[in-house]
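Input: a single structure, listed below in structure tokens.
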Amino acid sequence: MTEHCFNGLLTLDENDLNRMNYIVTNLADSTHKSITDVLDRIYNSKNTINKLIRVVLKPYNSNDIFNAFQSLQITKDKFGTYSYHVGNFAIENALYNLIGTNIELTIEDYTDSTRNMNNLDIVSTTEDNSHDTSQQS
């Protein structure tokens with residue numbers, strides 16, 4: 001398992017005209033890390049067909065936590081745009097809606113570990129949105 005952690009301000013790289021490149025700028029030391037590069041590396045790796053990952057995304061100062069654990073895929077979303085998904089969790093749509101905010105994001109890559117996990121039944125996706133959206137009457 002390889003873990004990639006991002007903490008800081010989420011922006012979109014305006015210099016990259018070929019793709020939506022999401023960048024996180026660490027607030028402590030102003031270093032930049034590309035979320036899109038990490039997802040591309042995982043998706044394009046030759047280790048296995050099933051790119052098993054876990055994504056945990058939490059905006060600062062929010063109770064919303066998005067948690068998904070399944071294979072990384074490129075699929076068409078409800079708007080007709082191809083983007084990265086983990087199960088039914090559209091990673092890029094969530095990131096796009098959080099541009100300009102501070103986030104905590106962890107991407108755990110289990111691709112190398114799938115050979116050791118053959119006996120486990122890990123096929124479901126959990127999306128934990130702890131923000132209460134129910135309407136009170």
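In table form, for the structure just shown:
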quantity	calculated
Residues satisfying the stated conditions in the stretch 61-100, i.e. farther than 16 Å from M20 by Cβ, surrounded by 13 or more Cβ atoms within 10 Å (Cβ to Cβ) and touching a residue at least 40 places away in the same chain (Cβ under 8 Å)	S62, D64, I65, F66, N67, A68, F69, Q70, G87
Selection count where residues are modelled with pLDDT of 90 or more and not β-branched (V, I, T), scope the stretch 71-82	3
In the stretch 6-42, the residues that are more than 12 Å from the chain's Cα centre (by Cα) and under 18 Å from H85 (Cβ atoms)	R19, M20, N21, R41
Output for the stretch 57-80, where each listed residue is over 23 Å from N26 (Cα atoms) and in contact with a strand residue (DSSP E or B) (Cβ under 9 Å, 6 or more places away or on another chain)	A68, F69, Q70, S71, L72, Q73, I74, T75, K76, D77, K78
Pick from the stretch 87-121, criterion closer than 18 Å to S62 by Cα and in a helix (DSSP H, G or I), ranking: modelled with the lowest pLDDT	N93
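Residue-wise test of (1) closer than 19 Å to E92 by Cα; (2) among the hydrophobic types (A, V, I, L, M, F, W, C); (3) modelled with pLDDT of 90 or more; (4) touching a Lys or Arg at 6+ places or on another chain (Cβ under 8 Å).
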site: A28; (1), (2), (3), (4): no, yes, no, no
site: S34; (1), (2), (3), (4): yes, no, yes, no
site: R41; (1), (2), (3), (4): yes, no, yes, no
site: K46; (1), (2), (3), (4): no, no, no, no
site: I49; (1), (2), (3), (4): no, yes, no, no
site: I53; (1), (2), (3), (4): yes, yes, yes, no
site: V56; (1), (2), (3), (4): yes, yes, yes, no
site: Y60; (1), (2), (3), (4): yes, no, yes, no
site: F69; (1), (2), (3), (4): yes, yes, yes, yes
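The values are calculated or read from the model by the stated rules, or taken from the named source; none is laboratory data. As the structure is a prediction and not an experimental result, all values here were calculated from the model. Neighbour counts run over all protein chains shown; Cβ positions are idealised from the backbone, glycine included.
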